[in-house]
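K.L.:
Quick one: structure below, then a few questions.
The values are calculated or read from the model by the stated rules, or taken from the named source; none is laboratory data. In this text the structure is predicted, and so the values were computed from the model without any measurement. Positions of Cβ are generated from backbone atoms using ideal geometry, with glycine treated the same way; all protein chains shown enter the neighbour counts.
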Amino acid sequence: MKSKVMDIFWSVVLIAAGIVFLLRELGFIYLDTLSGTVWALIFAALAAFFWLTYFLKGAAAWGWLFPATIFTAIALIIGLEGTALGDALSGAPILAAVALPFLAAFASDPKTRPWALIPAWVMSVLTVVVLVERFVSGELIGSLVLYSIALPFLAVYLYDRTRRWALIPFAVLAVVGTFPLLDLLISGDFLAVLVMLLLALPFYVVFFLNKGNWWALIPAGVFSSIALPLGIEALLGISFPAGLLLAGMGLTFGALWMMRSQQPTAWAMYPAIGLFIAAGIVFFVESSSDIIGPIVLVAVGVVILLGSVFRKPQTSSVTPSAQVEAEDASREDSEG
């Protein structure tokens, strides 16, 4: 019965709204001339209708809270326009209005709707950000937003340890959220080093929590390898030592190769060898004059080319007759 009454009610509301807008288009009424107070009362009335619908339908119909809370927030903003409180609130009521229905969804069924806490938390944090943005630096605001978005994903994992996927967005958002703070606390020379180490940290955690995640060692080693020459450059004031970058990456693949008895990483020997050779060449070139390094590379290439051109084809040391005898003996053994 309640459902039928609500259907009739909202059909009348829609018909009335349609008539009003039709009269506006025909020039019989002018909505643009209405004062802010009148508009605030209109939105408050609409919000009241949606609130009434929600309470009549019950907590399970939490979707009706969206128009109810949003229209309430719009009425509040319009009503307070031009006042000190309105300027202080800014758009915060709208953000809070979006958060409330998600909280109601979780409260009505916590077991099957834990996901609702994520948007509720994010919108709540954004509400706080809008309220304090005039008093806090932009870097702190950026970190607060990213940390706040990361926190629900950690809560998802702690609530259910089988959902390890939630650790990935948590780690990424937490690391990225640290960047604005580093810009405030660390000088530019060391900022890039810490950024690379922070990017490497989540992958190290993934690897050491479960050695089966051997793949995580690759990005961790790459980021660490980039941080090493950047740190030396910042500390000693020398140009970027690219040889250390290549050597660090070679060590990464070397570490994977050493795990070959437990993990499928025997292939890592080849990139490790290639990177170590490249690192050696770079070290040699950087420590020599500008002309020696290229000459050595050309000479090595020429030697390899000449060796491939003039290499004699290998001949079998077994004579044809001996080969026939060996085949006969093998056939006799198989028949016997």
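K.L.:
Given (1) among the aromatic types (F, W, Y); (2) modelled with pLDDT under 70; (3) surrounded by 14 or more Cβ atoms within 10 Å (Cβ to Cβ), where does F253 come up short, assuming only one miss?
P.N.:
(2)
K.L.:
Need the failing condition index for L182 against (1) at pLDDT 80 or above; (2) touching a Leu at 6+ places or on another chain (Cβ under 6 Å); (3) under 24 Å from A150 (Cβ atoms), just the number.
P.N.:
(1)
K.L.:
Just to be sure before I move on: is L76 buried (at least 20 other Cβ atoms within 10 Å of the Cβ), closer than 19 Å to S124 by Cα and free of Cβ contacts under 8 Å to residues at least 60 places away in the same chain in the structure I sent?
P.N.:
So L76 fits the description; yes.
K.L.:
Select from segment 106-139 the residues that are part of a loop (DSSP other than H, G, I, E, B) and among the hydrophobic types (A, V, I, L, M, F, W, C) and list them in ascending order.
P.N.:
Residues satisfying the conditions are F135, V136.
K.L.:
Let me ask something else about it. Could you list all residues from segment 230-274 that are of a type in the set (F, W, Y) and assigned to a loop (DSSP other than H, G, I, E, B)?
P.N.:
F240
K.L.:
In segment 158-179, which residue that is within 16 Å of the chain's Cα centre (by Cα) and not aliphatic (A, V, I, L, M) is surrounded by the fewest Cβ atoms within 10 Å (Cβ to Cβ)? I'd like the intermediate steps shown before the answer.
P.N.:
Step one: filter segment 158-179 for residues within 16 Å of the chain's Cα centre (by Cα), giving 164-179.
Subsequent filtering for residues that are not aliphatic (A, V, I, L, M) retains 164-165, 169-170, 177-179.
Numbers: R164: 13, W165: 11, P169: 15, F170: 20, G177: 19, T178: 18, F179: 17.
For segment 158-179, the residue satisfying everything is W165.
K.L.:
Can you name the residue in segment 223-250 that is surrounded by fewer than 15 Cβ atoms within 10 Å (Cβ to Cβ), among the hydrophobic types (A, V, I, L, M, F, W, C) and farther than 18 Å from G280 by Cβ and, of all such residues, is modelled with the highest pLDDT?
P.N.:
L235
K.L.:
Residues of segment 20-54 being surrounded by 12 or more Cβ atoms within 10 Å (Cβ to Cβ) and farther than 23 Å from I78 by Cα, which ones?
P.N.:
Residues satisfying the conditions are L23, T53, Y54.
K.L.:
With segment 20-94 as the region, which helices (runs of 4 or more DSSP H) entirely inside it contain at least 3 residues that are on the phi < 0 side of the Ramachandran plot and modelled with pLDDT under 85?
P.N.:
36-57, 84-89
K.L.:
Exactly one of these conditions fails for G212: (1) surrounded by fewer than 14 Cβ atoms within 10 Å (Cβ to Cβ); (2) farther than 27 Å from V176 by Cα. Give me its number.
P.N.:
Against the list (1) surrounded by fewer than 14 Cβ atoms within 10 Å (Cβ to Cβ); (2) farther than 27 Å from V176 by Cα, G212 comes up short only on (2).
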